[in-house]
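Beneath this line is the structure, given in structure tokens, with notes to follow.
The values are calculated or read from the model by the stated rules, or taken from the named source; none is laboratory data. Small disclaimer: the values here were computed from a predicted structure and weren't measured. Because the Cβ atoms are built from the backbone with ideal geometry, glycine has one as well, and the counts that use them run over all protein chains shown.
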Amino acid sequence: MSASKNRQLLLKEVPKGKLGPEHFQLNETDVQQPGEGEVLARVRYISIDAANRAWMQGTTYRAAVKAGDLMAGYALGEVIGSGDPKYKQGDLVFGDCGWQEYALRPAPEFTKLPALEPVTHLLSVYGVAGLTAYFGLTDIGLPKEGETLVISAAAGSVGSVAGQIGKIMGCRVVGIAGSDAKCEWITSELGFDAAVNYKTEDVHSALRKACPDKIDVYFDNVGGDILEAVLFQTNANGRIICCGMISGYDGELPLNGPRGIPGLLVVNRILMRGFIVTDYMAKFPQAVKDLAGWVGEGKIKVREDIVEGLENAPQALIGLLHGENLGKRLVKVS
Ligand SMILES: NC(=O)c1ccc[n+]([C@@H]2O[C@H](COP(=O)([O-])OP(=O)(O)OC[C@H]3O[C@@H](n4cnc5c(N)ncnc54)[C@H](OP(=O)(O)O)[C@@H]3O)[C@@H](O)[C@H]2O)c1
């Protein structure tokens with residue numbers, strides 16, 4: 001029997017300061033059947049991303065999420081109805097399904113995914129997180145064997161994969177994370193060479209100690225003061241991969257730091273470049289092949305942090321912004 005009701009979460013109010021549960025509202029609608037050219041998917045897992053919070057701050061590479069909107073979010077779904085011959089019942093699809101149980105979208109807004117187990121890997125190592133780590137390093141950072149690679153938010157979904165790829169590329173890899181348990185995990189389980197707890201250590205001196213040859217490549221997930229600390233210790237011809245700046249997402253702009261960028265970039269010929277993972281869509285198949293090879297060989301360990309139930313998505317995002325997650329955070333919807 002097909003479901004008739006669709007639970008969803010709306011952004012009730014755009015937060016001015018920190019995001020809280022009061023900014024969301026549970027809503028119920030009818031499930032609509034797909035018309036010609038549309039696909040109806042049952043949402044299985046929602047990807048909880050730092051970017052979800054950034055989308056509330058204004059237009060980015062996508063339209064802003066505004067008060068009253070369905071909360072936006074990438075998800076993995078299973079086709080349960082199709083008005084497009086390219087999609088059939090049971091197909092796995094990826095798209096911006098939003099935070100809801102059923103997503104009805106024009107077919108071109110979905111991407112068909114291969115059936116593999118566990119399916120959650122399609123949102124973690126073979127999804128946005130793994131692909132972001134892969135292209136940030138292989139297209140922008142280009143670390144060479146023996147170079148020092150520093151990664152922030154290192155125990156998160158992008159950072160934990162980036163560090164392991166850095167080891168595969170032969171680098172000395174130093175992670176920056178927000179707890180001793182995270183530092184312990186990335187060094188003892190994931191093979192990072194050293195870790196810095198930015199909440200309890202002085203980042204400048206801890207980095208000096210962890211990077212005796214200074215820093216060649218920085219995978220920046222956080223921006224702000226940590227970016228500033230790294231910039232002052234980056235070698236000539238260093239590369240900074242500007243992946244994100246989570247330290248500025250959950251509150252009011254402007255960000256802290258970094259100071260001194262122009263002078264340091266000029267004198268040290270440092271490259272600093274941003275990117276959005278979807279820029280590389282045409283190259284995703286090769287990247288997934290490489291990532292799957294490394295996972296198969298045990299060179300990349302995948303950690304998923306799964307929260308049960310659509311109604312817990314707001315808390316899952318709030319928790320991620322506070323550093324609760326280890327690895328890729330997902331919400332299991334069905
Ligand atoms: N450019 C792209 O295409 C692209 C694609 C995907 C993601 N991203 C970016 O990648 C970064 C990671 O995002 P994600 O969704 O994968 O989340 P994640 O890394 O799985 O989780 C976010 C982590 O950030 C850390 N954090 C939170 N506030 C911080 C602060 N003020 N300073 C330092 N660390 C902080 C927390 O860990 P601690 O305990 O260590 O604080 C938290 O666990 C974000 O900047 C995101 O925008 C970019």
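Considering each residue of the stretch 91-148, count those that are closer than 26 Å to residue 11 by Cβ, of a type in the set (Phe, Trp, Tyr) and not in a loop (DSSP other than H, G, I, E, B), and give that number.
Summing the residues that are closer than 26 Å to residue 11 by Cβ, of a type in the set (Phe, Trp, Tyr) and not in a loop (DSSP other than H, G, I, E, B) in the stretch 91-148 gives 2.
Can you name the condition, by its number, that residue 299 falls short on among (1) part of a helix (DSSP H, G or I); (2) away from the ligand (no atom under 16 Å from the Cβ); (3) farther than 30 Å from residue 14 by Cβ?
(1)
Looking at the stretch 167-188, is at least one residue within 10 Å of the ligand (Cβ to nearest atom) and part of a loop (DSSP other than H, G, I, E, B)?
yes
Any residue at all in the stretch 19-31 that's farther than 18 Å from residue 320 by Cα, away from the ligand (no atom under 16 Å from the Cβ) and part of a loop (DSSP other than H, G, I, E, B)?
Yes - at least one qualifying residue is present in the stretch 19-31.
Yes/no matrix, rows are residues, columns are (1) within 16 Å of the ligand (Cβ to nearest atom); (2) over 24 Å from the mean Cα position of the chain (by Cα):
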{"position": "89", "(1), (2)": "no, yes"}
{"position": "96", "(1), (2)": "yes, no"}
{"position": "99", "(1), (2)": "yes, no"}
{"position": "103", "(1), (2)": "no, no"}
{"position": "116", "(1), (2)": "no, no"}
{"position": "122", "(1), (2)": "yes, no"}
{"position": "128", "(1), (2)": "yes, no"}
{"position": "133", "(1), (2)": "yes, no"}
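Just wondering, is there one or more residues in the stretch 313-331 that are charged (D, E, K, R), within 9 Å of the ligand (Cβ to nearest atom) and part of a strand (DSSP E or B)? I'd like the intermediate steps shown before the answer.
From the stretch 313-331, those charged (D, E, K, R) are 324, 328-329; that's our starting set.
Now narrow it down to the ones that are within 9 Å of the ligand (Cβ to nearest atom): 324, 328-329.
Those left that are additionally part of a strand (DSSP E or B): 328-329.
Scanning the stretch 313-331, I find at least one residue that is charged (D, E, K, R), within 9 Å of the ligand (Cβ to nearest atom) and part of a strand (DSSP E or B), so the answer is yes.
Among 134, 74, 102, 87, which is the only one that is under 25 Å from residue 242 (Cα atoms) and in the same structural domain as residue 42 (by TED's automatic domain parsing)?
74
Which residue out of 249, 198 is in contact with a strand residue (DSSP E or B) (Cβ under 8 Å, 6 or more places away or on another chain) and either within 30 Å of residue 20 (Cα to Cα) or modelled with pLDDT under 95 (or both)?
Every option except 198 fails the conditions.
If you scan the stretch 294-334, which residues turn out to be of a type in the set (A, V, I, L, M) and under 13 Å from the mean Cα position of the chain (by Cα)?
317, 320, 321, 326, 330, listed by residue number.
Any residue in the stretch 113-128 that is free of Cβ contacts under 8 Å to residues at least 24 places away in the same chain, farther than 30 Å from residue 163 by Cα and not assigned by TED's automatic domain parsing to the domain that holds residue 160?
no
List, please: which pairs have Cβ atoms under 7 Å, are six or more places apart or on different chains, and start with a residue in the stretch 66-89 that is within 30 Å of residue 54 (Cβ to Cβ) and end with one that is outside any strand (DSSP E or B) and of a type in the set (Ser, Thr, Tyr)?
79/87
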